[in-house]
Amino acid sequence: MTRPIRFVTVLALLMTLAELAGHAGPVIKTAIEKERVPVDETVNLTVVTPSSCEVEHPFSEKFEVVGYDSEILQQAEAGKKLKLTQSRFSQSSPGVQTFGSTVPQWSRRHTYEIHPLFVGEITVPSLLVTCPDGIGRTQTKRIFGLRSSEGAAKEAGKNDPESILYRPVTLGSPAAGFPVQPAQPTRKGPILAQEGSAAGPPPAHAHPPLPAPGVSGAGVQPPSRMGSGLPAPASAAPPAPGPEAQAAQQARPPEAAAARHADKIARYVQGFAKGFAGAVNGKDQKLASAGKDLASAGKTMASIVKTGFLAAVALLGAAAVVWGSVIGFKAFRRSRQYERLRLWFLSTTAGPQKEENLIGGKYKVLTELGRGGMGTVLLAEDDKLGRKVALKRLHSDQRFDIKYREKLLEEARIISQLNHPYIVGIHEVLEAGTDIYLVFDFVEGRPLSHILHDRKRIPLKECVDIFTNVCQAIDYAHKKNVLHLDIKPSNIMVDSNGFAKLMDFGLARRGAKEESFSGVGGSGTFWYMAPEQHSGVTTPAADLYAIAVAVYEAVTGDIPFKGPDYLRQKDNLLYIPPTMLLPELPPGMDSFIADAFKPRMTERFPGGALEFLERLKALAPDGQGGFRIPAAPPPP
């Protein structure tokens, strides 16, 4: 029951909205006669509505309606013509055409005569208009009430620039906004008396002269400075008026007092104008000199302000340049261009590479341990801690090459993330002179390559012990997203206790994601590289391939792929099975090596290094830590 009720309610609401939308509201026009109205006048408010509408009576405390009128207006609504129509019933008489005619509309004009009661802005509120086809409201209008008709004229004169610039106006006349004065006795004030005698009779349009403030009439002495036009000094003031004159002044209307004040203001204005003109003409040298001094001081101040502003702008610009230079230099020092420029300068100024007795102020070089593709390894002793360390540095021809320096620093960053007992750890990176040194742990032992060189090959059980440590180290590195990519017997160090440690991560790479990390562009030793590594593709399976080649070499004493076409031999599995070289090896050795040498990297031990280790341990189940590093042969 709820859904039908909701449907009926929504349908009724939509029908109501459609009906309201179909009926347009009444057309209402509102107009005000003028916006500025003196308080002693009225203004007409006109409202035009359809003839059948009723308008609300205006009401406000700031105005009153003193009159009302209405009249009927007839308007013709244009455009209401019937167009020519054709149908199948009118084909026999195509000449018959029917046009519509103009439809008349009647409207009513309501006129309200409004009298403002207050001075200032007055709002005529919106009026309610009620019609048979709807309701509406008039527009809100605003008027501004002025003080009086004279005040309105004065306001109009102030707002009209032509009334001041192009129309002569006599002070105290109605054109200047002053009320018309009644006829006064024919007398003149102290200023007008002399000016009138000198200039002749006043013009016909001039207003009759008004008496000066405090002057009674006849017998008034003119001021002593009449010629200059300035007000008379206090010593030359006219005598006080008599009792009759005072009574006459008291009997005058307020308009006369306003005229007297206006005349007084006119005298002061005229005196100031003539004094200013005299200063310009050089009559008042003090005023002219003061004006020049003021102008000079103004120019000096303007010059000082301008100079200070320009100096401030220059200082801000210099500060901005210095700040930008410092920021830019810091950014430049972190760029490859700066490093290349620094290395070029060092290569041109530095001499041949020399062996320093104390590197970095604390490492004393003892001997050279070996050389590789990425640099030289030195045996040194920490002068402060008394322990032995291994220092790795670039070759003399590589120390100024930015690519090799970046590879060396990348190796340091990668090894610093690996903390495993079967991985040779790093202590620090230091720069001494023109060389960069990596400080590693020193392992007391021998590389597996040296052991194989002396013994040719090692038993399977001992091989399992060694590569168990290698597989555990590689599994840890792979979980840290690190690929070694250069596993070979020379990078496997066997200590005096028989444990193997992986070292030399010079070609190592870090993957982007743990679940599927690989790289493009690789290098290494051809004998131990996986087939995909020749094409630059590097995956964890490439490290397992290199371990399998090292196991083959350690067990058989020979390498499986001798070249020179290494890639063709690896893709076609052109190698000798281990059991053909050593028949005493277990039969599962051939299948283990075959699975490790598969050309497709996805088919090569999907379980990773741990699966590889389990298959290797299954070949020698009795081999458990029995390997001990043999002593190095005595020097010849």
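Rounded, prolate or oblate for the range 449-604? Axes are the square roots of the Cα gyration tensor eigenvalues, ordered a ≥ b ≥ c, and the cut-off for rounded is a/c under 1.5.
Working: a/c = 1.72, a/b = 1.20, b/c = 1.43.
Here the range 449-604 falls in the oblate category.
Where does each of L582, L366, L507 land when they are ordered by accessible area, with a 1.4 Å probe and the largest first? Please report the intermediate quantities before stating the final value.
Numbers: L582 20, L366 80, L507 40 Å².
Descending order: L366, L507, L582.
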Quiz item: Structure shown: which of K264/K299; K330/K388; K570/K617 lie over 29 Å apart, alpha-carbon to alpha-carbon?
Solution: K264/K299; K330/K388
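Taking the range 523-587, which GluC sites (Glu not before Pro) meet the DSSP loop condition and have no more than 10 other C-beta atoms within 10 Å?
Details: sites: E532, E553, E584; in loops: E584.
For GluC sites (Glu not before Pro) across the range 523-587 that sit outside H, G, I, E and B with at most 10 neighbouring Cβ atoms in 10 Å, the list reads E584.
Direction-averaged shadow area of the convex hull around the Cα atoms of the range 350-488, nm²? Present the calculation step by step, with values, prior to reporting the outcome.
Working: hull surface 38.6 nm².
Its average projected convex-hull area is 9.7 nm².
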Exercise. Can you give me the three principal axis dimensions of the range 324-429 from its C-alpha atoms, in Å, biggest first?
Key: 47, 34, 30
Self-check item: Simple label model, 7 Å out from Cα along Cβ direction - D401 to S126, nm
Solution: 8.6 nm
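The values are calculated or read from the model by the stated rules, or taken from the named source; none is laboratory data. Note that the structure is a prediction, hence the values are computed from the model and not measured. Counting neighbours? That spans all protein chains shown, and the Cβs are built from the backbone with ideal geometry, glycine included. Quick note on the areas: whole protein, heavy atoms, side chains included, nothing else; ligands and nucleic acids left out. Shrake-Rupley method; radii C 1.70, N 1.55, O 1.52, S 1.80 Å.
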